[in-house]
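Written out below as structure tokens is the structure these notes cover.
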Amino acid sequence: MTQRHFLPENPCVLVSLISGLIGGVFLVFIFIRAADSPLFQTHASTTSPLQTTPIQLRAILHYATSTVVPQQTIDEITISFDILRSLSPCNFLVFGLGHDSLMWASLNPRGTTLFLEETPEWVQTTLKIVPDLNAHAVNYTTKLYESNDLLSSYKSEPDCFPPDKAYLKNNERCRLELNMLPDEVYDKEWDLIMIDAPRGYFDESPGRMAAIYSAAVMARKRKGSGVTHVFLHDVDRKVEKAYAEEFLCRKYLVKGVGRLWHFEIPPAAKVTEVGRESAGFC
Ligand SMILES: C[S@@+](CC[C@H](N)C(=O)[O-])C[C@H]1O[C@@H](n2cnc3c(N)ncnc32)[C@H](O)[C@@H]1O
């Protein structure tokens, strides 16, 4: 029986075959490595705004299994939802932690959503349930019963007025200023500000006076393009309404649904120079 030969007799053909084989293995290896590299991945698989994020998945699970729902109605929520849909990823500052917090954060998944809460214990309780929220406790120095006095006297307090000279950080001479917030609050320009806290339904509660005033100052100091969207809840109450009219201004009110008002406040630089200082906030 003759022995069968599988090797070519010509050594040149043999060398070519071996080189081809080694080259092929090398190319496959390079291809696999490249496929793992971020450079090789498609835009859609890494940064697509349609890709679901962990906080959105957590929100679906949370709201699908919770019997507690946010206090704002769907019509009220829809106003901020529409603005978030058009601006996200954006900077969203929220006064108050509540059952709506995970919803707000997950509607701005690639942006910054920061919560300011009056009660440190409530911050801890909420973060235990939803650890991925960015929340800070705020020590308010006002009381609801002072709201009339603060409204009538702020113009004579140095550094409260006029709005474009007012400043927030370390301002000790204006009682309406929130002057002790984390630096992140002062360092960012906020595209949306939601005011649904602190509590303002009994005399000793902090009331929303300082939150409304400080949101107005932040909006007036905006340097970037566009307006600041400010949402104020509980406008059926006397103090919220009076402070909104004084600092957020009827002329900037663009929508009102239920107990929620939506303002679009232009930066002070965009307001006509003539008579700006004497006009005050509105
Ligand atoms: C008027 S509530 C707004 C609640 C929020 N919009 C929601 O849908 O849940 C604002 C404040 O009430 C307090 N608060 C809300 N829910 C609470 C709870 N379950 N326990 C303790 N404090 C709560 C927090 O201090 C919060 O900042």
task = Give me the distance in nm between label points sitting 7 Å out from Cα along the Cα-to-Cβ direction at Q124 and R250, one decimal.
result = 4.7
key: Across K155/K188; K188/K241; K128/K165; K128/K223; K128/K251; K165/K251, pairs whose alpha-carbon gap is larger than 30 Å   = K128/K165; K128/K223; K128/K251
Distance between modelled label sites at D75 and E189, nm, 7 Å Cα→Cβ extension = 3.4
ask   = Contour minus end-to-end for K223 and R237, with contour as 0.36 nm per residue of separation and end-to-end as the Cα-Cα distance?
value = 1.8 nm
query = To the nearest 0.05, what FRET efficiency results for E146 and R110 with a Förster distance of 25 Å applied to their C-beta separation?
reply = 0.05
task = Treating the Cα atoms of the stretch 74-269 as identical point scatterers in vacuum, please give the log10 of the normalised Debye intensity I(q)/I(0) at q = 0.10 Å⁻¹, two decimals.
result = -0.37
inquiry  = Counting just the Cα atoms, what span does the stretch 159-282 cover along each of its three principal axes? Round to the nearest Å and put the largest first.
reply    = 38, 32, 27
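All of the numbers you see were taken from the coordinates with simple rules; none came from a lab. Note that the structure is a prediction, hence the values are computed from the model and not measured. A quick note on method: Cβ atoms are made from the backbone with ideal geometry, for glycine too, and the neighbour counts reach across all protein chains shown.
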